[in-house]
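This report concerns only the one structure given below.
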Amino acid sequence: MFDGVAQSKPIVIHEPTARRRTLAQWGRAVRQSPATMIGAVLVIGLVLVALAAPLIAPYPPAAQIDLPLLRPGQGYWLGTDEFGRDELSRLVYGARVSLYVGFLSVTIALALGATSGIVAGYYGGHIDNVIMRLMDVLFSLPAIVLAIAITAILGPSLTNALIAIGLVYAPRFARVTRGPTLTVAQLPYIEAARTIGVSNRTIMLRHVLPNISAPLIVQITISLSTAILTEAALSFLGLGTQPPTPSWGLMLSTARQYMLLDAWIAVLPGAAIALAVLGFNLLGDGLRDILDPRIRTL
Amino acid sequence: MHHVIRRLVATIVTLFGVSILIFGLVRLLPGDIATIIAGSEGQLSAEQREAVLREFGLDRSLPVQYGLWIWNMVQGNFGWSFRNGEPVATLLFSRLPLTIELAVLSVALSSVFGLIFGVIASISQRKGVKLGTQVFGLLGLSVPDFWIGVLLIIAASQIFHWLPPLTYATLWKQPLANLQQMVLPVLALSFGLGAVTMRMTRSSMLEVLGEEFVKVGRAKGLSESAILLRYALRNAFIPIVTILGLQMGVLLGGVVIIEQVFGLPGLGWTLLNGVYQRDYPVVQGAVMLFAVGFALVNLLVDIVYTYLDPRIRHV
């Protein structure tokens, strides 16, 4: 697994990094990189499956039959789980849970982290110091450990898990936005805006934010992969999604009791997690190359 | 030296922040703390409640509670378990060696593996090698370690009819049995870390191999292995160490889950059990130990830096 911090060095930006591209140019850039293509296909596939879950899933995710731990075959393509629920249907509905937690937790992390990062970088001085020290504190615990601690306090549930994940990953957004904001805030057009009396808030939202969007977009994509992974881990530990909601991490966890009877039900949910995470990782790597060729890592 | 001292001070300040965070989090607990401690479903009488609170020092004001907590912790007293009254410090420190062993073995295995394959990937011209390392690198980033753990158990049970034993053999008493138990968990933890190390080694080597001093080395007739190992790899080490340091958080998080998967009673296992049983002194202490461990590793990375890069030493 991977730490998921988009490595952005403060770079001197003389032109807006996120150059406006037409849709065709985007298409061409993505097509040139097979890895990005695969990532985009996986992500789009995941979103479609989640949206169309009721149409794709052969059965409702909680419907039970009297045949538990059925092997893959006719009628139940991927078999059934320990309660006789259709494995394929539960995997399909699990995509919803993963994306739901992924998007909402990244939204929380983005709102908290990017706001702090921009404010810190823009004002500098004491404000910067205080904000970044606070972020350091959040950063100085292993992400999963902090998430476990937060869910332990709030109580295990889907909502609390996504709040915990959002809080845990906020510092990454702060770090990724602060550096570029420092650079952008020094540029003449910011000073010009200030001179003509534009409020600080407007400058940050309208003039700073769009110009640091490139590293932010990359960080969002990569954070989606880490958020999905963390939700799976928390649910695996029983601290996230609660039964009977079909979450991949939870499915993998319960499958452990039966894995020696039926390895399938342990293999499938893990593969689903891996594919989803891989998709966002590939897309994130690709976007980084397209949006900002100067920031190359790994 | 100056640099290291400054980092040490910053680390201590951050750890104080962490302690306030943990203390604050536990005080946010919903529900009546006395009921949680007593573990009873029914209502406690007013006197019972008071007695419980006094026993655990919870009747004092928050700043006093915090001060006492820190003061005791510095002296090695982490409080007492809500569940069995055992001293938390004894519990945690008896569980710590296993976690350290897991982490050290995983870092060792993934570094050796990552460095070797990273160097090979950086000098090989073959298409297959390039594709192979790319695929492995991406899988390592994406495949959850707990899934690998589960797959390894399935594979071991199918092929070798081996199952994770129910009792844990300590390194000191039964070294061989202990190492045997460690094989699968360490493999599961090393997969991702090895992949990241390999990717970083490759890209960092590629960059260094384009530098002037490599050409000079070649021109003066140094053997290719001397150039690679003595000059290039040494220079490539700095970013590799950086990424390893960043990954330690991921590794420690992975240890928590992997201990659970393999039933190894380490610090992570203890933390989770504390969470499941709502034993907050244990949770508090374990999280704090994780923070201290993580901070020490980062400090160590910083020291390794100054050793690897003389330029930092003189700043």
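Computed quantities for the displayed model
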quantity	calculated
Of residues in the stretch A:188-206 being assigned to a helix (DSSP H, G or I) and open to solvent by 60 Å² or more (accessible area, probe 1.4 Å), the one nearest to A:Val106 (Cα to Cα)	A:Leu205
Residue check, A:Thr151 more than 11 Å from chain B (Cβ to nearest Cβ), assigned to a helix (DSSP H, G or I) and on the phi < 0 side of the Ramachandran plot	no
Pairs where the first residue, in the stretch A:237-266, is within 12 Å of chain B (Cβ to nearest Cβ) and surrounded by fewer than 18 Cβ atoms within 10 Å (Cβ to Cβ) and the second is modelled with pLDDT of 90 or more and part of a loop (DSSP other than H, G, I, E, B), C-beta under 9 Å, 6+ apart	none
Which listed residue is farther than 14 Å from A:Leu112 by Cα, in contact (Cβ under 8 Å) with a residue 40 or more places away in the chain and buried (at least 24 other Cβ atoms within 10 Å of the Cβ), from A:Ala185, A:Ala152, A:Ala164, A:Ala174	A:Ala152
Condition check for A:Ile220: within 15 Å of the chain's Cα centre (by Cα), in contact (Cβ under 8 Å) with a residue 12 or more places away in the chain, more than 14 Å from chain B (Cβ to nearest Cβ) and open to solvent by 20 Å² or more (accessible area, probe 1.4 Å)	yes
Options B:Ala236, B:Ala232, B:Ala291; residue that is buried (at least 17 other Cβ atoms within 10 Å of the Cβ), facing another protein chain (nearest Cβ under 10 Å) and of a type in the set (Gly, Ala, Ser)	B:Ala291
Residue count, the stretch B:148-198 (criterion: at pLDDT 90 or above and of a type outside the set (A, V, I, L, M))	7
In the stretch B:288-312, residue farthest from the chain's Cα centre (by Cα) [restricted to those that are of a type in the set (Val, Ile, Thr) and more than 22 Å from B:Gly79 (Cβ to Cβ)]	B:Ile312
Of all residues making up the stretch B:252-271, the number that are more than 17 Å from A:Thr254 (Cα to Cα) and either without any contact (Cβ under 8 Å) to a residue 40 or more places away in the chain or open to solvent by less than 10 Å² (accessible area, probe 1.4 Å) (or both)	10
Condition broken by A:Ala120, with the remaining ones in (1) open to solvent by less than 50 Å² (accessible area, probe 1.4 Å); (2) under 17 Å from the mean Cα position of the chain (by Cα) satisfied	(2)
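Conditions tested, residue by residue: (1) surrounded by fewer than 19 Cβ atoms within 10 Å (Cβ to Cβ); (2) assigned to a loop (DSSP other than H, G, I, E, B); (3) touching a strand residue (DSSP E or B) at 6+ places or on another chain (Cβ under 8 Å).
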| position | (1), (2), (3) |
| --- | --- |
| B:Leu105 | yes, no, no |
| B:Leu131 | yes, no, no |
| B:Leu139 | yes, no, no |
| B:Trp147 | no, no, no |
| B:Leu152 | no, no, no |
| B:Thr167 | yes, yes, no |
| B:Lys173 | yes, yes, no |
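Conditions (1) more than 22 Å from B:Phe146 (Cα to Cα); (2) within 8 Å of chain A (Cβ to nearest Cβ), marked per residue:
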residue: B:Gly253; (1), (2): no, yes
residue: B:Val256; (1), (2): no, yes
residue: B:Phe262; (1), (2): no, no
residue: B:Gly266; (1), (2): no, no
residue: B:Leu271; (1), (2): no, yes
residue: B:Asp279; (1), (2): yes, no
residue: B:Val283; (1), (2): no, yes
residue: B:Ala286; (1), (2): no, no
residue: B:Leu299; (1), (2): yes, no
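The values are calculated or read from the model by the stated rules, or taken from the named source; none is laboratory data. Computed from a predicted model, the values in this text were never measured in an experiment. Please note: Cβ atoms are built from the backbone with ideal geometry, for glycine as well, and neighbour counts cover all protein chains shown. Accessible surface areas use protein heavy atoms only, side chains included; no ligands, DNA or RNA. Shrake-Rupley method; radii C 1.70, N 1.55, O 1.52, S 1.80 Å.
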